[in-house]
Amino acid sequence: RIKTHFSQESQASRTQYAVKDYMVHRGFHETLHYSFYEPAYLNKVLQKENPQEWITLKNALSEDLAVMRPSLLPHLIKAYQKNHLLSQKGLRFFELRNVYHYEEKKQIKETLTLSFLYAGNPYGRNRFDLEREADFFYGRGLLEGLFQRAGIKCDIKRHKEWPYHPGQSIVFSHNEVTLATVGALHPQLLSELKIREQVYYGELNYDLYSDLSQSDPVRYQPISVLPSVYRDLSLVVSKDLNYEAILDVIEEEKPDNLGAYNLFALYTGENLGEDKKSLTFSMIYQPKEKSLTDEEVNAVHFALVEKLQKRLGVSLR
């Protein structure tokens, strides 16, 4: 009689599998690369002339394998360069591996990181012939989907550090600690690498993500069977006012019955003035115990408008 033993899968491995499954179902291909890099190529991509935190091997097998990877971006770019000529509808790659660098007192720090890169049509080849150019919002939505699944709330700010485009990248933070970044790669980097189309890149500190997702699980609530009430909110704001600033105020002042809100129109024109823009949101008010009347919805809707006017100086269009 033979006894068979099965190893139990850990919670950590189940969480990693769920994240990989999430990426694969969105059309990304997983890549696996060596843990070492060529120093010259690292300098070219990451733009660090004197990278003191990089871990250099004393007895490297070759010059191409002399530095332990401080980032997954260089290999993902090489994967793109090797495959983009074979693709007619865009490329999407991701990798979930450790990156390495020195901390204080030359202590080696390993950080499990999820990195992804995409370009071209994010739908790929599909039976519906859907066409769309890759953009920054696709990567942002990808990360926000992961945060929503884990029940993690993040602050969002503009990100201007290399290798990102200073006007098309953001950083997600939790309690002022960087959790993820995403955006278009810097035009200078793409030019140096002779890449002609816009390429986008995202990076998630998976160790921190895993810790937060375990300590702050998703909480579900029943969907109301009562009819929702819709209102459009068109605001005239300064061109310098960030979209995230409006979202922050709405979230802070959010009425109990406000279920979802989404930006669906951006307008600029001579009738608004050169320094103004118009943002239109779809506001969905969801009753909880009884149907909402127009008077009840109008009361909370315009109370929110008044708070936006006082805090941000916006006006109704």
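The values are calculated or read from the model by the stated rules, or taken from the named source; none is laboratory data. Worth saying up front: this structure is predicted, and the values here are computed from it rather than measured. Here Cβ is always computed from backbone atoms with ideal geometry, including for glycine, and neighbour counts include all displayed protein chains. Keep in mind that these areas ignore ligands, DNA and RNA; they rest on the heavy atoms of the full protein, side chains included. Shrake-Rupley method; radii C 1.70, N 1.55, O 1.52, S 1.80 Å.
Here the Karplus curve 6.51 cos²θ - 1.76 cosθ + 1.60, taken at θ = phi - 60°, turns the phi angles of region 15-31 into couplings of 5, 4, 4, 5, 5, 4, 4, 4, 5, 5, 5, 9, x, 8, 9, 7, 10 Hz, with x standing for Gly and Pro. GNM on the chain, alpha-carbon springs under 10 angstrom: the most fluctuating residue among 44, 20, 277 is 277. Compared with the rule-of-thumb size 2.2 N^0.38 Å for a compact globular protein, the chain has a Cα radius of gyration ratio of 1.19.
Checking the cross-link pairs 44/82; 78/160; 58/106 against a 20 Å limit on the alpha carbon distance flags 78/160 as lying beyond it. For residue 276, the residues whose amide H sits under 5 Å from its own are 239, ignoring neighbours fewer than 5 places away on the same chain, with H placed 1.01 Å from N.
When the surface is traced with a 1.4 Å probe over the full set of protein chains, residue 136 keeps roughly 30 Å² accessible.
Between the listed residues 233, 269, 245, the Cα displaced farthest toward the positive end of the dipole of region 229-275, a dipole computed from Cβ unit charges relative to the Cα centre, is found at 233.
Each of 119, 31, 60 was placed along the dipole of region 20-125 (beta-carbon charges, centred on the mean Cα), and the one lying farthest toward the positive end is 119. Annotation for region 128-173 versus region 191-264: alpha-carbon center distance of 10 Å.
The residues 206, 138, sorted by heavy-atom accessible surface at 1.4 Å with ligands and nucleic acids left out, run 138, 206 from largest to smallest.
Only protein heavy atoms count here; under a 1.4 Å probe, residue 172 has an accessible surface of about 0 Å².
Summarised in one figure, the compactness ratio Rg/Rh of region 162-317, Cα atoms and Kirkwood Rh, is 1.05.
Remark: accessible surface ordering of 54, 162 (largest first) is 162, 54, probe radius 1.4 Å. Stretched out straight at 0.36 nm per residue, the stretch from residue 252 to residue 193 would grow longer than its current Cα-Cα span by 16.9 nm. Taking only alpha carbon atoms, region 191-280 gives an Rg to Rh ratio of 1.10, where Rh is the Kirkwood radius. Entry note, the chain: relative contact order of 12 percent, from Cα contacts under 8 Å with a spacing of 6+ residues.
Using θ = phi - 60° in the Karplus curve 6.51 cos²θ - 1.76 cosθ + 1.60, the 3J(HN,Hα) couplings for region 190-201 round to 4, 5, 5, 8, 6, 9, 8, 9, 6, 10, 10, 9 Hz; x is entered for Gly and Pro. Each of 96, 170, 297 was placed along the dipole of the chain (beta-carbon charges, centred on the mean Cα), and the one lying farthest toward the positive end is 96. The phi torsions of region 168-180, fed into the Karplus equation with coefficients 6.51, -1.76 and 1.60 and a -60° offset, translate into couplings of 9, 8, 9, 10, 9, 9, 10, 6, 6, 10, 5, 9, 7 Hz, rounded to whole numbers, with Gly and Pro shown as x. A crude spin-label estimate for the pair residue 108 and residue 63, with each label 7 Å from Cα along the Cβ direction, gives 2.4 nm. Dividing the summed -39500 (n - 2.57) terms of all DSSP H runs of n ≥ 4 by the residue count of the chain sets its mean residue ellipticity at 222 nm at -9000 deg cm²/dmol.
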